[in-house]
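First the structure, in the form of structure tokens, and then the observations on it.
The values are calculated or read from the model by the stated rules, or taken from the named source; none is laboratory data. Nothing here was measured: the structure is a model prediction, and the numbers come from that model. All Cβ positions, glycine included, derive from the backbone under ideal geometry; neighbour counts span all protein chains shown. Quick note on the areas: whole protein, heavy atoms, side chains included, nothing else; ligands and nucleic acids left out. Shrake-Rupley method; radii C 1.70, N 1.55, O 1.52, S 1.80 Å.
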Amino acid sequence: MLKKLMLTLVVLAASTAIASANTLTIDGLVLPGNGTNVTLDRLGLINDGSFENGECDAGSSWTCYTNTSCLWIIDPLGVWGYPAYDGVLCGWLGGFCGDANSNAFCQDIFIDGTGISWYWMGYVADTVDGLDLMYISVDGVNTFEHYMVYPDDHTYGTWGQMLGTVTGVGGVHELCFGFTASTGANMLIDYIELFEGTGVMNTSFSSVKSLY
């Protein structure tokens, strides 16, 4: 019975692959093609938008840049004491790893929506000087910038949603979520998705914090 069930599943998977030639990622996104060097994605959660494919250079769809040697796609439960917003893993911007950590998560995607949404949690000490910059860039040009401050952006334990806009709709562009560190503010990010229409750019994280 088990062999028959397994055979049925294999046949079903094979026929689905033949019919659509799609690849299902860990976070549930269906990609066109055979999954090799795919940069196009549908409207919705971008490829590995919830970071569930794992650490950079070990399966992640994100290219990671950092000035330290620490790993920054993590299960936050052990370090932060709170789970990821979606799934098990999320991206960690900023923080300390022997030095204030400046890092970025980037990938080339087909931008088919003009709005972008992501979830975030901030950890900011009262000694932070307000010079820790979180940004989103498209093709190297920042489309969103925010300096982390205490206590407004210290949302430790609470996930909030942010909305913004992107440029270059209809083409493949490099999208980056990045952090330029000064005194070591922190931000977790998770569940990044594109949507149709124009995102309402929030002027500060604290304005969103008050909604949650």
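Considering segment 161-175, the residues that are open to solvent by 30 Å² or more (accessible area, probe 1.4 Å) and assigned to a loop (DSSP other than H, G, I, E, B) include one that is nearest to Tyr123 (Cα to Cα), namely Thr167. Within segment 176-189, residues that are without any contact (Cβ under 8 Å) to a residue 40 or more places away in the chain have Cβ atoms under 8 Å from residues that are open to solvent by 10 Å² or more (accessible area, probe 1.4 Å) and of a type outside the set (A, V, I, L, M) in no pair, counting only partners at least 6 apart in sequence or on another chain.
When each of Phe177, Phe195 is tested for being modelled with pLDDT under 85 and of a type in the set (Phe, Trp, Tyr), the lone residue that passes is Phe195. Number of residues in segment 112-132 that are more than 15 Å from the chain's Cα centre (by Cα) and crowded, with 19+ Cβ neighbours inside 10 Å equals 5. Applying the set (1) at pLDDT below 90; (2) in a loop (DSSP other than H, G, I, E, B); (3) surrounded by fewer than 18 Cβ atoms within 10 Å (Cβ to Cβ) to Val79 leaves exactly one unmet item: (1).
Of the residues making up segment 176-192, those that are buried (at least 22 other Cβ atoms within 10 Å of the Cβ), over 16 Å from Ser50 (Cβ atoms) and not aromatic (Phe, Trp, Tyr) are Ala181, Ala185, Asn186. The criterion of being modelled with pLDDT of 95 or more and assigned to a loop (DSSP other than H, G, I, E, B) holds for Thr158. Set side by side, the residues Tyr119, Tyr85, Tyr65 differ, and just one is at negative phi, assigned to a loop (DSSP other than H, G, I, E, B) and not polar (S, T, N, Q), which is Tyr85.
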